[in-house]
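Right, one structure below, let's go through it.
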Amino acid sequence: MEEKVIQIGAEAKIILTNNFIIKDRVKKSYRIPELDEKIRGRRTKSEAKLLLKASEIINCPKPFLQPLIKNSSKLKMPYIRGKRLSDNLDNFSLKKQKEICKILGEDIAKLHASDIIHGDLTTSNMILNQNPKSPKLKIYFVDFGLGLISSKIEDKAVDLHLLKQALEAKHFKNWKILFEEVLKGYKKYKESEKVLEQFKKVEKRGRYKGSY
C-alpha cells in the first residue's frame, strides 16, 4: 500500500493512500502524553461525527467508522478528486464565480440549519470537482477540525465572518460581489435574518479591534 504525505499542518498530517485520505493528528510534545492522546482522540471523534452528519446534507467526505474507536487520532475518508477552490475561483468568469459563491451560501445555510458550524470557512477548505462531460460543478467542504455543533446565532455569524475575510484576502478583486452572492444563497436559511444581524455586530467588533 503506497502512502504519500500531501499536506502537513500545525494540527494534522494528511496522507494519501490508494483512493483514501488519512488525517493523522500531530502529537504535541508540550502536552503530557496521556493527555495528548485523549485530546487528539476526542477531536478526531468529534470531527468524524460532524463529517458524518454534514455528508447527509452537503458534499463532503464521509468518514469511515474506524476513527470512532476510543482515542484514535486517525481519520480515514475517501479521497475527493479536484482542485482547491482557493487556487481556481479567480480563473472562472465573474458569472461563474457568482454562481459558485451562491452555491456556497446555500450549502452553509444547510449546515447552519442543522446547527453544524464549520469553524474554518475558507476557499482553501473547499474542493472543486468537475466532470469534464458535465458543465455542473460540485463543491466539497473539507476539514471540519475546528467545527462544532451549536445553535448559537453568534457562532453562525462568526462562520460567515470568516468566509468574508477569506474572500477579501484571497479573492480581493471581486470579493464584495462574491460575498453578496454567498449571502443570497444563505438567505434560504429561515434564521438568516437573525444571523446576518449578529454578523453586523461581529463586523463592528472586528473594526473596533483593528482601530488600535
ask   = By the scheme Lys and Arg +1, Asp and Glu -1, what is the net charge of all other residues having a beta-carbon under 10 Å from that of GLY145?
value = -1
request  = Go ahead and set up a Gaussian network model of the chain, Cα springs under 10 Å, then flag whichever of GLN130, GLN165, GLN198 fluctuates most.
outcome  = GLN130
query = In a shell of Cβ-Cβ distance under 11 Å around GLU56, excluding GLU56 itself, what net charge do Lys and Arg (+1) and Asp and Glu (-1) give?
reply = +3
message = So I have (i) 1.06; (ii) 1.01; (iii) 1.10, and one of them is Cα Rg over 2.2 N^0.38 Å calculated from this model. Which one is it?
response = (i)
ask   = Sorted by average packing, counted as other Cβ atoms within 10 angstrom per residue and highest first, what order do 102-114, 184-196 take?
value = 102-114, 184-196
task = Just subtract the alpha-carbon distance of LYS204 and GLU180 from 0.36 nm times their residue separation and send over the number in nm, one decimal.
result = 6.8 nm
task = With a 10 Å radius around each residue's Cβ, average the other Cβ atoms per peptide and rank 94-101, 58-65, 23-30, 116-123, highest first.
result = 116-123, 58-65, 94-101, 23-30
ask   = Size of segment 89-171 along its principal axes in angstrom, Cα-based, largest extent first?
value = 40, 26, 20
key: Charge dipole magnitude, Cβ of K and R +1, D and E -1 - the chain, Cα centre, debye nearest 20   = 80 debye
query = FRET efficiency for ILE149 and LYS95, Cβ-Cβ distance as r, R0 = 41 Å, nearest 0.05?
reply = 0.70
message = Among GLY185, PHE172, LEU160, whose Cα projects farthest towards the positive end of the dipole of segment 149-190, with charges put on the beta-carbon of Lys, Arg (+1) and Asp, Glu (-1)?
response = GLY185
query = Using a cut-off of 16 Å between alpha-carbon atoms, which lysines can reach LYS201, once sequence neighbours fewer than 8 places away in the same chain are excluded?
reply = LYS152, LYS156, LYS164, LYS209
inquiry  = Between segment 133-174 and segment 1-74, how far is it from one alpha carbon centroid to the other, in angstrom?
reply    = 20 Å
inquiry  = For the chain, what does the helix formula give at 222 nm: sum of -39500 (n - 2.57) over DSSP H segments with n ≥ 4, over the residue count, nearest 500 deg cm²/dmol?
reply    = -15000 deg cm²/dmol
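We did not get these values from a lab; they are worked out from the coordinates using the rules stated. In this text the structure is predicted, and so the values were computed from the model without any measurement. As a convention, Cβ positions derive from the backbone with ideal geometry for all residues, glycine included, and neighbour counts pool all protein chains shown.
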